[in-house]
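One structure is given below, encoded as structure tokens.
The values are calculated or read from the model by the stated rules, or taken from the named source; none is laboratory data. Computed from a predicted model, the values in this text were never measured in an experiment. Quick reminder, even Gly has a Cβ in these numbers, built from the backbone with ideal geometry, and neighbours come from all protein chains shown. What goes into the accessible areas is simple: the full protein's heavy atoms, side chains included, and nothing from ligands, DNA or RNA. Shrake-Rupley method; radii C 1.70, N 1.55, O 1.52, S 1.80 Å.
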Amino acid sequence: MRGRRGPFITLEGGEGSGKSVQVEALGQLLAEAGQPALLTREPAGTDLGRFLWSLFQSGEGREPIAMTPVAELFLFEAARAQHVEDAVRPALEEGRVVLCERFTDSTLAYQGYGRGLSLDYIRAANHMASGGLAPDLTLLLDVPPEVGLSRAGNRSGGRDDRIGQEDAEFHSRVREGFLALARREPERFFVVDATKPADEVTQRCWEQVRRLLDRL
Ligand code: TMP
């Protein structure tokens, strides 16, 4: 596969699963190995994505904006279309590694399993927004929602967005959704127990990244 685009690696998982910490740690290891990577995220990886994400936030006296599940889906897809075009694809075409926090699987887990939209419908929207781009490896950081939500709450003083404020049942469906996606594509997914210490999680993820780099 040499000579083709760079390796595309995504990190997925619920709130407080430690994705940002792991992206930083893996980015550091890749740089030390002479493969500086693009570290990026959805939905907030572009100016448009940050603006769209601000529509999900209330707080500071701002009323939450009403949004149907379908409207929510298309905001994430709009953020993705811009992000793939402006950031992800150019880096991959230069042959760089891309480490991306959340991608199409988050939409299947949150808007599909969480909100109840049809998975086929979401797959079609994902395909359109990403131009058919699919990750080579997806690291799923799995934590029970009660652990993740308390970590995320401690970090940010409570989430003031329409997803972070959903109840425990929603977040359980999202977790089960991610695990179902992983079972469906075991060659692409690697599931890590993210309740373990961060260093241990990094080691397990790094083994998979190295294996992918050796394979490509
Ligand atoms: P985060 O940057 O803290 O992970 O916040 C992004 C939130 O957006 C998180 O709650 C997951 C949610 N999300 C979706 O619901 N669908 C998506 O397609 C993406 C990319 C994120």
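Structure summary
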quantity	calculated
Meets criteria (over 30 Å from Leu55 (Cα atoms) and assigned to a helix (DSSP H, G or I)) for Leu213	yes
Selection from the stretch 177-210 of residues that are of a type in the set (Gly, Ala, Ser) and more than 16 Å from the chain's Cα centre (by Cα)	Ala198
Flag for Thr138 being open to solvent by 40 Å² or more (accessible area, probe 1.4 Å) and in contact (Cβ under 8 Å) with a residue 24 or more places away in the chain	no
Complete set of residues in the stretch 115-144 that are touching a Gly at 6+ places or on another chain (Cβ under 7 Å) and part of a helix (DSSP H, G or I)	Leu119, Ile122
Residues being loosely packed, with under 15 Cβ neighbours inside 10 Å and without any contact (Cβ under 8 Å) to a residue 60 or more places away in the chain - total across the stretch 176-194	6
Yes/no for Arg89 being farther than 15 Å from Ala125 by Cα, out of contact with any helix residue (DSSP H, G or I) (no Cβ under 7 Å at 6 or more places or on another chain) and buried (at least 17 other Cβ atoms within 10 Å of the Cβ)	yes
Count of residues meeting criterion [touching a Gly at 6+ places or on another chain (Cβ under 6 Å), open to solvent by less than 40 Å² (accessible area, probe 1.4 Å) and of a type outside the set (D, E, K, R)] in the stretch 1-41	5
Helices (runs of 4 or more DSSP H) wholly inside the stretch 1-114 that include at least 2 residues being within 15 Å of the ligand (Cβ to nearest atom)	19-32, 47-54, 69-83, 104-107
Selection within the stretch 57-71 - open to solvent by less than 40 Å² (accessible area, probe 1.4 Å) and at pLDDT below 95	Ser58, Gly59
Residue within the stretch 101-108 that is at positive phi and within 16 Å of the chain's Cα centre (by Cα) present	yes
Residues of the stretch 92-129 satisfying the condition of being surrounded by 15 or more Cβ atoms within 10 Å (Cβ to Cβ), farther than 14 Å from Ala44 by Cβ and of a type in the set (Ser, Thr, Tyr)	Thr104, Thr107, Tyr110, Tyr113
Meets criteria (among the aromatic types (Phe, Trp, Tyr), in contact (Cβ under 8 Å) with a residue 40 or more places away in the chain and open to solvent by less than 10 Å² (accessible area, probe 1.4 Å)) for Phe74	no
Residue among Ser172, Ser150 that alone is of a type in the set (Ser, Thr, Tyr) and either assigned to a strand (DSSP E or B) or modelled with pLDDT of 90 or more (or both)	Ser172
Top-ranked residue in the stretch 145-175 [being in contact with a Gly (Cβ under 7 Å, 6 or more places away or on another chain) and more than 29 Å from Glu60 (Cβ to Cβ); ranked as surrounded by the fewest Cβ atoms within 10 Å (Cβ to Cβ)]	Arg173
